[in-house]
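J.: Take a look at the following structure, please.
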Amino acid sequence: ETAVFQTPNYHVTQVGNEVSFNCKQTLGHDTMYWYKQDSKKLLKIMFSYNNKQLIVNETVPRRFSPQSSDKAHLNLRIKSVEPEDSAVYLCASSPTGGGGNTLYFGEGSRLIVV
Amino acid sequence: GQQVQQSPASLVLQEGENAELQCNFSTSLNSMQWFYQRPGGSLVSLFYNPSGTKHSGRLTSTTVIKERRSSLHISSSQTTDSGTYLCALVPGYQNFYFGKGTSLTVIP
């Protein structure tokens, strides 16, 4: 049963355009994440948010920025996409951060940059 | 370097055979989880298992902290088990570090 909702699920765009992916969780969790999954299935964390505070920000390019209005929402904005941004972006949430809690994932948002 | 190593990278089984998937980690852990990703789909948590052995139906997860490894055993495999199995390590408080996954194909 899906409780982490991502939109859009699929997006094709041209180099240089701006893209936004939305994520909402209905689990009442405190922490949300964005992961990037490349063509080899490797998952890398991009951001995590806990009660609207950025708590992990891996070295991702500056064109990526997380946006959160409340703890149930965490959007991902990509300003001026590049070809290497083509990937599946997965949103997840957990009750609190890290150890002792499982991650709940959304269905993913596939981005294709042409 | 990669903190989580999974093996094998891919596995093909005849339906009914058993599978043993391995996850080795190079750092201390706070949490270890196994996930299943169906082809083209999202990830589903199978086990939260920081230590010891846990069972769920045909699945068994065993984590041995001293040996820095965790395994996932699938007994009597079915075609619906096909997909990618990922382990995730939480060495600290926040980050989940994923392995590259094992791609399992079960043929009838």
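J.: Can you name the residue in region A:41-75 that is hydroxyl-bearing (Ser, Thr, Tyr) and farther than 18 Å from A:PRO95 by Cβ and is also most open to solvent (accessible area, probe 1.4 Å) among such residues?
T.: A:THR59
J.: Considering only residues that are of a type in the set (A, V, I, L, M, F, W, C), open to solvent by 70 Å² or more (accessible area, probe 1.4 Å), part of a strand (DSSP E or B) and out of contact with any Cys (no Cβ under 8 Å at 6 or more places or on another chain), which ones fall in region A:1-37?
T.: The one that is of a type in the set (A, V, I, L, M, F, W, C), open to solvent by 70 Å² or more (accessible area, probe 1.4 Å), part of a strand (DSSP E or B) and out of contact with any Cys (no Cβ under 8 Å at 6 or more places or on another chain): A:VAL12.
J.: Hey, B:VAL44 hits all of (1) of a type in the set (A, V, I, L, M, F, W, C); (2) at the interface with another protein chain (Cβ under 9 Å from one of its Cβ atoms); (3) buried (at least 20 other Cβ atoms within 10 Å of the Cβ) but one; which does it fall short on?
T.: (3)
J.: Let me ask something additional. Could you please let me know if A:SER86 is more than 9 Å from chain B (Cβ to nearest Cβ) and either surrounded by fewer than 14 Cβ atoms within 10 Å (Cβ to Cβ) or closer than 30 Å to B:ASN49 by Cα (or both)?
T.: It is false that A:SER86 is more than 9 Å from chain B (Cβ to nearest Cβ) and either surrounded by fewer than 14 Cβ atoms within 10 Å (Cβ to Cβ) or closer than 30 Å to B:ASN49 by Cα (or both).
J.: Within region B:59-67, does at least one residue satisfy the condition of being open to solvent by 30 Å² or more (accessible area, probe 1.4 Å), of a type in the set (Asp, Glu) and assigned to a loop (DSSP other than H, G, I, E, B)?
T.: Checking region B:59-67: at least one residue is open to solvent by 30 Å² or more (accessible area, probe 1.4 Å), of a type in the set (Asp, Glu) and assigned to a loop (DSSP other than H, G, I, E, B).
J.: Right, another one. Which residues, taken from region B:42-66, are closer than 20 Å to A:GLN37 by Cβ and in contact (Cβ under 8 Å) with a residue 24 or more places away in the chain?
T.: B:LEU43, B:LEU46 - these are the residues of region B:42-66 that are closer than 20 Å to A:GLN37 by Cβ and in contact (Cβ under 8 Å) with a residue 24 or more places away in the chain.
J.: Specify which of the listed residues (A:VAL81, A:VAL19, A:VAL12) is within 22 Å of B:PRO39 (Cβ to Cβ) and at pLDDT 95 or above.
T.: Being within 22 Å of B:PRO39 (Cβ to Cβ) and at pLDDT 95 or above holds for just one of A:VAL81, A:VAL19, A:VAL12, which is A:VAL12.
J.: Across region B:95-108, which residue is modelled with the lowest pLDDT among those that are open to solvent by 30 Å² or more (accessible area, probe 1.4 Å) and touching a strand residue (DSSP E or B) at 6+ places or on another chain (Cβ under 7 Å)?
T.: Going through the qualifying residues, I end up with B:TYR97.
J.: Of everything in region A:6-48, what is under 11 Å from the mean Cα position of the chain (by Cα) and of a type in the set (Phe, Trp, Tyr)? Give them in sequence order.
T.: Within region A:6-48, A:PHE21, A:TYR33, A:TRP34, A:TYR35, A:PHE47 meet the criteria.
J.: Next question, about the same structure. Filter region B:68-94 down to the residues that are within 12 Å of chain A (Cβ to nearest Cβ) and open to solvent by 20 Å² or more (accessible area, probe 1.4 Å), then identify the one that is modelled with the highest pLDDT. Write out each step before concluding.
T.: Looking only at region B:68-94, we keep the residues that are within 12 Å of chain A (Cβ to nearest Cβ), and these are B:83-94.
Now narrow it down to the ones that are open to solvent by 20 Å² or more (accessible area, probe 1.4 Å): B:91-94.
Details: B:PRO91: 65, B:GLY92: 61, B:TYR93: 58, B:GLN94: 62.
It comes out as B:PRO91.
J.: Taking region B:33-58, which residues are assigned to a loop (DSSP other than H, G, I, E, B) and of a type outside the set (D, E, K, R)?
T.: B:PRO39, B:GLY40, B:GLY41, B:SER42, B:ASN49, B:PRO50, B:SER51, B:GLY57
J.: Looking for something among the basic types (Lys, Arg), at pLDDT 95 or above and more than 25 Å from B:GLY101 (Cβ to Cβ) - is there at least one such residue anywhere in region A:41-56?
T.: Looking for residues that are among the basic types (Lys, Arg), at pLDDT 95 or above and more than 25 Å from B:GLY101 (Cβ to Cβ), one finds none in region A:41-56, hence no.
The values are calculated or read from the model by the stated rules, or taken from the named source; none is laboratory data. Because the structure is predicted, anything quoted here is derived from the model rather than measured. Here the Cβ is made from the backbone with ideal geometry for all residues, glycine too, and neighbour counts use every protein chain on show. We work out accessible area using only protein heavy atoms, side chains counted, and drop any ligands, DNA or RNA first. Shrake-Rupley method; radii C 1.70, N 1.55, O 1.52, S 1.80 Å.
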